[in-house]
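The values are calculated or read from the model by the stated rules, or taken from the named source; none is laboratory data. Small disclaimer: the values here were computed from a predicted structure and weren't measured. Quick reminder, even Gly has a Cβ in these numbers, built from the backbone with ideal geometry, and neighbours come from all protein chains shown. Side chains included, ligands, DNA and RNA excluded: accessible areas come from the protein's heavy atoms. Shrake-Rupley method; radii C 1.70, N 1.55, O 1.52, S 1.80 Å.
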Amino acid sequence: MDALFFLPSDSTIPTNVSAVTEFIFLGHSSSRSIQLLLFVLVLAAYATVLVGNLLIVVTVHGEPHLHQSPMYFFLANLSIFDIALGSVATPKLLTDLISYSRTITFVGCMVQIFFIHFIGGSEMLLVTLMAYDRYMAICHPLTYMTIMNRPHCIRLLTSCWAGGLIHTTTQMVLLLRLPFCGPNQLDNFHCDLPQVIKLACADTYATELLVVANSGLLSLVCFLALLASYGVIVASLRGHFRESGGKALSTCSSHLIVVFISFVPCIFVYLVPFSRSHMDKVASVFYTLIVPSLNPIIYTLRNRDMSKAMGRLKNRCLFSHSTVKAEKL
């Protein structure tokens, strides 16, 4: 029997109503062939997330000169964030697509929202921190390694995790205060905060304003801070492009691409959460699955140090394999 949810006596909603115990996803197609196609596409994207980001982590930790660099230290942690973010909702999505299930428990939905905002908020702060790292490296090269030493980098990374935890805790406090007594249908592939809030059987206008202040403005402020930091970098390199500016901008270009593909969907979804749009589910899947799969591709294709390091790693693996094979013979 469904649990009972009691509302305050001054509420306009009945005081004894059945609480929502599960949510139903409407994002899935009713066609079996389309479901199977989506399963293949999502599985390929998830495999790219896991393999690509793990390759970056292994490469950075396997190359001493990369492992000691603050930039690649943050890049390896960005890959860890991407693996975690891609793993929050994707396994459930794959299971639903292959089993044709469309439901998720209330607790499971809340867990998805908590970790999406925890990891997503932390990653947003990390990307902003990476812009600060590039600013220090390009504008203050003489003191860069002294200031950005490993203990300081660890403290900065810890602050990103703490910021993400504060962000998601605030969101969950706002969400769990709302009563959910029906409907329980989400036009999405996984639980997302704006759409779940819309299902509450209460006036959610104030809550939505707070969500905008928390999620939307966080995304927008970080995005503007990133643009400002790179504006300072470009201004400081003006007149020196032939010497080192071109190389510096090439190093930053990968980060700028990641910034745009990471922040634009978040701003689109969370800055204006009041209207329901079919594009919301596209944007939410994009930043939870597509962006984590694109990051390793962008960094490996546009970063010469990473490409060379991966080549050396591949050669070492082939050499070890041939040595083991020769010993067996």
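Does segment 84-99 contain at least one residue that is outside any helix (DSSP H, G or I), open to solvent by less than 70 Å² (accessible area, probe 1.4 Å) and farther than 26 Å from Val258 by Cα? Checked segment 84-99: no residue is outside any helix (DSSP H, G or I), open to solvent by less than 70 Å² (accessible area, probe 1.4 Å) and farther than 26 Å from Val258 by Cα.
Scanning for something in contact with a Ser or Thr (Cβ under 6 Å, 6 or more places away or on another chain), at pLDDT below 95 and in a helix (DSSP H, G or I), does segment 139-154 turn up at least one residue?
Pass one, segment 139-154, residues in contact with a Ser or Thr (Cβ under 6 Å, 6 or more places away or on another chain): 139.
When the remaining residues are screened for being at pLDDT below 95, the result is 139.
Checking the rest, the ones that are also in a helix (DSSP H, G or I) come to 139.
Yes.
Quick check on my filter: what residues within segment 131-147 are open to solvent by 10 Å² or more (accessible area, probe 1.4 Å) and either within 17 Å of Tyr287 (Cβ to Cβ) or of a type in the set (Gly, Ala, Ser) (or both)? Ala137 - this is the single residue of segment 131-147 that is open to solvent by 10 Å² or more (accessible area, probe 1.4 Å) and either within 17 Å of Tyr287 (Cβ to Cβ) or of a type in the set (Gly, Ala, Ser) (or both).
The residue that is surrounded by the fewest Cβ atoms within 10 Å (Cβ to Cβ), among those in segment 161-182 that are among the hydroxyl-bearing types (Ser, Thr, Tyr) and within 17 Å of Val212 (Cβ to Cβ), is Thr170. Against the numbered list (1) farther than 26 Å from Gly164 by Cα; (2) within 17 Å of the chain's Cα centre (by Cα), Val88 comes up short only at (1). Taking the criterion of being open to solvent by 30 Å² or more (accessible area, probe 1.4 Å), assigned to a loop (DSSP other than H, G, I, E, B) and closer than 14 Å to Thr103 by Cβ, the residues of segment 183-210 that qualify are Pro183, Asn184, Phe189. If Leu165 satisfies every condition in (1) of a type outside the set (Ser, Thr, Tyr); (2) part of a helix (DSSP H, G or I); (3) touching a strand residue (DSSP E or B) at 6+ places or on another chain (Cβ under 6 Å) but one, which is the exception? Checking Leu165 against (1) of a type outside the set (Ser, Thr, Tyr); (2) part of a helix (DSSP H, G or I); (3) touching a strand residue (DSSP E or B) at 6+ places or on another chain (Cβ under 6 Å), the one that fails is (3). Looking only at segment 34-50, decide whether some residue is over 28 Å from Asp192 (Cβ atoms), assigned to a helix (DSSP H, G or I) and either open to solvent by 70 Å² or more (accessible area, probe 1.4 Å) or not small (Gly, Ala, Ser) (or both). Checking segment 34-50: not a single residue is over 28 Å from Asp192 (Cβ atoms), assigned to a helix (DSSP H, G or I) and either open to solvent by 70 Å² or more (accessible area, probe 1.4 Å) or not small (Gly, Ala, Ser) (or both). For Ile119, the stated conditions do not hold, so it cannot be described as open to solvent by 30 Å² or more (accessible area, probe 1.4 Å) and in contact with a helix residue (DSSP H, G or I) (Cβ under 7 Å, 6 or more places away or on another chain).
Looking at Ala235, is it loosely packed, with under 14 Cβ neighbours inside 10 Å, aliphatic (A, V, I, L, M), part of a helix (DSSP H, G or I) and at pLDDT 85 or above? When the stated conditions are applied, Ala235 does not pass them.
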